[in-house]
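Engineer: Mind having a look at this structure? Questions to follow.
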Amino acid sequence: MADQLSPDEKFDLITRNLQEVLGEEKLKQVLQERELRVYWGTATTGKPHVAYFVPMSKIADFLKAGCEVTILFADLHAYLDNMKAPWELLELRVKYYEQVIKAMLESIGVPLEKLKFVKGTDYQLSREYTLDVYRLSSMVTEHDAKKAGAEVVKQVEHPLLSGLLYPGLQALDEEYLKVDAQFGGVDQRKIFTLAEKYLPSLGYAKRAHLMNPMVPGLTGTKMSSSEEESKIDLLDSKEDVKKKLKKAFCEPGNIQNNGVLSFVKYVLFPLRGEFYIKRDPKWGGDKVYTEFEEVEKDFAEELIHPGDLKASVEVVLNQLLEPIRKKFELPELRKLTNSAYPDPSKTRGGGGGGEDDELAPSRLDIRVGKIISVEKHPDADSLYLEKIDMRGIESQAMLLCASIEGEPRRVEPLDPPEGSSPGERVFVEGYETGKADDRLNPKKKVWEKLQVDLKISDECVAQWKDKQLMTKLGQITCKTLKGGNIS
């Protein structure tokens, strides 16, 4: 097909459905001379979900346009981003990602022989790359590095140095993969502009950047591997797909932040060119749409009911997922899945979502305490707690508080449910039975690793990785600091 397309037609295919393109003239110039070389990278952290079909459908477009496409499994990035992937699981996660991404591509008819697959640590630990990291770090300011990663790197109250390195490494990947353009989500725009600013300072060419829109998840927010209710896993059963779609945010007539409608636009239409709605004759009967704008218009005018939209998407989605499910029925792939993403219920910590034994939140001995007295600090303009009643619990007592940075910094103690008594155990939902460490080894930094995921929700509920902090009487809350950190 690519041989029959003009450079302008290739450009249109490469850029269709993108939210933004930086360097359009460079793209057009390359296409006049040869095929475009482009790469897409993915950090090997949580399990890929159905939103990954969005970049997959664009990769299909790139191949139809004759592009030379490289897929980067960014294992080192996965570790640098606040250790989202533990070092000992990196190799297994890469193998899982490679198998599942290839299965996705096969399910949408993409020929794998036209793709190049690369693992980050295959070249990112080389002498030349390491020297370039040092060279780049001598040019990039802390402000620029932090700003570049603001929407991609996990933001915490006390960021690690590794998160500041992340954007620079992604910029260098463009040079070491020898591409003309990098493709990613629009949330990576600041990393892309950092690359455009600093690569020429190292004597390397400025690349073009292709950006997909961010597709809403089932809850109406960004689809995320860490938010179970926002996503459909690629290995979810038909029953789970039905259940999750049934709960999906899809108000009648509302086309904003509608994850179901967005899936039709960014996955189903590019792959199939049409969308089939099956519905009762009294509501207009079955209809085949050949333009997404028609689907959107009819949904906005409430000519398509959310139930019919969901049911129709469910059919096509299961068609896409079935070959992936079947492939992962193989014993060796089931074993790989369980090894790369170990069942948290089989770790020492109990269960409910921990990455591994070291990160199980039940290792923390958190208790309800009663503040007996508060005094003004004699040497500072602040207060300190003189005494806390823990009802005989021996511990190095530390008051957990919610906080929001700013001028002034706002701090509030966390509130246990009414009726709680001093000394009661506080646990993370799903980790009720795990045994706490007698004493945390400071060299293991267990508290530091767990603390980065302690947050206050928009409902002022204390959470760890979206799971509630609780006592036997209910959830732990704070009064006003929505979205605050817990430390």
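Engineer: For residue 366, list long-range residues whose amide hydrogen, built 1.01 Å from N in the peptide plane, is under 5 Å from its own amide hydrogen.
Structural biologist: The list, which skips near neighbours in sequence, is 426.
Engineer: Enumerate by residue number the trypsin sites (Lys or Arg not before Pro) in segment 243-328 meeting two conditions: DSSP loop (anything except H, G, I, E, B), and at most 12 other Cβ atoms within 10 Å of the site's Cβ.
Structural biologist: Filter output for segment 243-328: 278.
Engineer: Cα-based Rg (one decimal) and Dmax (whole number) for segment 217-341, in Å?
Structural biologist: According to the Cα coordinates of segment 217-341, Rg and Dmax are 15.7, 51 Å.
Engineer: Continuing with the same structure: Taking the Cα centre of each part, how many Å lie between segment 455-475 and segment 257-336?
Structural biologist: Cα centroid to Cα centroid, the span is 34 Å.
Engineer: Per-residue ellipticity at 222 nm for the chain, helices alone: DSSP H runs ≥ 4 residues times -39500 (n - 2.57), over residue total, nearest 500 deg cm²/dmol?
Structural biologist: -10000 deg cm²/dmol
Engineer: First check a/c for segment 7-212, with a ≥ b ≥ c the square roots of the eigenvalues of its C-alpha gyration tensor; if it is under 1.5, answer rounded, and if not, answer prolate when a/b is larger than b/c or oblate otherwise. Write down the numbers at each step before the final one.
Structural biologist: Numbers: a/c = 1.70, a/b = 1.20, b/c = 1.41.
Note, shape of segment 7-212 comes out oblate.
Engineer: With point charges of +1 on the Cβ of Lys and Arg and -1 on the Cβ of Asp and Glu, referenced to the Cα centre of the chain, which listed residue (19, 145, 446) lies farthest in the positive direction of the dipole?
Structural biologist: 446
Engineer: Modelled label-to-label distance, residue 404 and residue 240, 7 Å Cα→beta-carbon offset: nm?
Structural biologist: 3.6 nm
Engineer: Can you give the alpha-carbon Rg of segment 85-206 over 2.2 N^0.38 Å, where N counts its residues? Display every interim value, and only then the final one.
Structural biologist: On the way: Rg = 15.8 Å, N = 122, 2.2 N^0.38 = 13.7 Å.
Cα-based Rg divided by the globular estimate yields 1.16.
Engineer: So, one more: If I take the Cα coordinates of segment 37-147 and project them onto the principal axes, what are the three extents in Å, biggest first?
Structural biologist: Reported extents, whole Å, longest axis first: 44, 31, 28.
Engineer: Ignoring ligands, DNA and RNA, what percent of the accessible area of the chain is carbon or sulfur (1.4 Å)?
Structural biologist: The computed percentage sits at 50.
Engineer: Between residue 372 and residue 98, what FRET efficiency comes out of the Förster formula 1/(1 + (r/R0)^6) with R0 = 56 Å and r the beta carbon distance, rounded to 0.05?
Structural biologist: Efficiency computed from Cβ-Cβ geometry: 0.45.
Engineer: Okay, next question. How much area per residue is accessible in the chain when the probe is 1.4 Å and only protein heavy atoms are counted (Å²)?
Structural biologist: 50 Å²
Engineer: Convex hull volume of the Cα atoms in segment 414-458, per residue, in Å³?
Structural biologist: Expressed per residue, the convex hull around the Cα atoms of segment 414-458 is 128 Å³.
Engineer: Moving on. Mind checking segment 114-213 for trypsin sites (Lys or Arg not before Pro) that DSSP puts in a loop (not H, G, I, E or B) and that have at most 11 other Cβ atoms within 10 Å? Display every interim value, and only then the final one.
Structural biologist: Values: sites: 114, 116, 119, 127, 135, 146, 147, 154, 178, 189, 190, 197, 206, 207; in loops: 154, 178, 206, 207.
Sites meeting the loop and neighbour criteria: 178.
Engineer: Any idea which of 284, 273, 321 is furthest toward the positive side of the dipole for segment 273-321, if Lys and Arg beta-carbons carry +1 and Asp and Glu beta-carbons -1?
Structural biologist: Value: 321.
Engineer: If you wrap a convex hull around the C-alpha atoms of the chain and split its volume per residue, what is the figure in Å³?
Structural biologist: 182 Å³
Engineer: Enumerate by residue number the GluC sites (Glu not before Pro) in segment 101-182 meeting two conditions: DSSP loop (anything except H, G, I, E, B), and at most 11 other Cβ atoms within 10 Å of the site's Cβ. Could the numbers behind the result be given before it?
Structural biologist: On the way: sites: 106, 113, 128, 142, 151, 157, 174, 175; in loops: 151, 157.
In loop regions of segment 101-182 (DSSP not H, G, I, E or B), there are no sparsely surrounded GluC sites (Glu not before Pro).
The values are calculated or read from the model by the stated rules, or taken from the named source; none is laboratory data. From a predicted model like this one, the values you see are computed outputs, not experimental measurements. Glycine gets a Cβ as well: all are built from the backbone with ideal geometry, and neighbour counts include every protein chain shown. Each accessible area value is taken on the protein alone, full model and side chains, heavy atoms only, with ligands, DNA and RNA left out. Shrake-Rupley method; radii C 1.70, N 1.55, O 1.52, S 1.80 Å.
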